[in-house]
Amino acid sequence: EAGVAQSPRYKIIEKRQSVAFWCNPISGHATLYWYQQILGQGPKLLIQFQNNGVVDDSQLPKDRFSAERLKGVDSTLKIQPAKLEDSAVYLCASSLPWDQMGEQYFGPGTRLTVT
Amino acid sequence: AQSVTQLDSQVPVFEEAPVELRCNYSSSVSVYLFWYVQYPNQGLQLLLKYLSGSTLVESINGFEAEFNKSQTSFHLRKPSVHISDTAEYFCAVSENSNDYKLSFGAGTTVTVRA
């Protein structure tokens, strides 16, 4: 079974530029999550999708971050414009719809450096 | 809202020695508890979880954790570590009143030395 795929693995941009990250969850996983992991901290949930609908985006800085999952499969997270404090690893995870209390499967992450 | 505190940010340990990683949580309702592990250059993987039943849970690679409701703790232990256990370990909690969203601790880096 293929795991959660993310690309790119690394990205370096200057502040005020825009960037996009892509995630393809495990086949059949209806729930998809985007997390931000700042160095020295645990992952923080940015947004949760159930199929193509948003379940929770309360922690997403909506003035600069956006995310979509148009066909209920893969997802894109965008930052526009980027700030220095956005430097972090962006993790995508997915889970089965009936397994919300259980395991989330994580991708390898995208390490973003904003200079 | 739930929160998680991992009391040790770095734990150096010699091979074949025991290790304990401490995790405390705060929540006013029933919780589900998890330990995730992140090996170098890899994504997070579930190590073990407590949902209900026996308060002692075990992983396939020799780790165990005990849910202590009165102490609001979920400490992770291994009696004898290997070099391959070098990784970052994250404690996480979810609660049914928050749609089972995971809240993570800041992580504990375990470095096993020969």
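Here are some notes:
- Among (1) more than 22 Å from A:Tyr10 (Cβ to Cβ); (2) open to solvent by less than 40 Å² (accessible area, probe 1.4 Å), the one test that A:Gly28 misses: (2)
- Taking the range A:31-54 as the range and being in a loop (DSSP other than H, G, I, E, B) and surrounded by 13 or more Cβ atoms within 10 Å (Cβ to Cβ) as the test, the residues that pass are A:Ile38, A:Gln41, A:Gly42, A:Pro43, A:Asn51, A:Asn52.
- Conditions (1) open to solvent by less than 40 Å² (accessible area, probe 1.4 Å); (2) away from chain A (no Cβ under 14 Å); (3) assigned to a strand (DSSP E or B): number failed by B:Phe90: (2)
- Failed item in (1) away from chain A (no Cβ under 14 Å); (2) in a strand (DSSP E or B), with B:Leu48 passing the rest: (1)
- For the range A:73-89, filtering for residues that are more than 14 Å from the chain's Cα centre (by Cα) and open to solvent by less than 60 Å² (accessible area, probe 1.4 Å) leaves 2.
- Residue check: B:Val11 meets all listed conditions (1) more than 12 Å from the chain's Cα centre (by Cα); (2) open to solvent by 40 Å² or more (accessible area, probe 1.4 Å); (3) closer than 15 Å to B:Phe90 by Cβ but one, namely (2).
The values are calculated or read from the model by the stated rules, or taken from the named source; none is laboratory data. Bear in mind that the values here come from a model prediction, so they are computed numbers and not experimental data. Every residue, glycine as well, gets a Cβ built from its backbone with ideal geometry; the counts of neighbours run over all protein chains shown. Just so you know, the surface numbers come from the protein's heavy atoms only, side chains and all, with ligands and any DNA or RNA stripped out. Shrake-Rupley method; radii C 1.70, N 1.55, O 1.52, S 1.80 Å.
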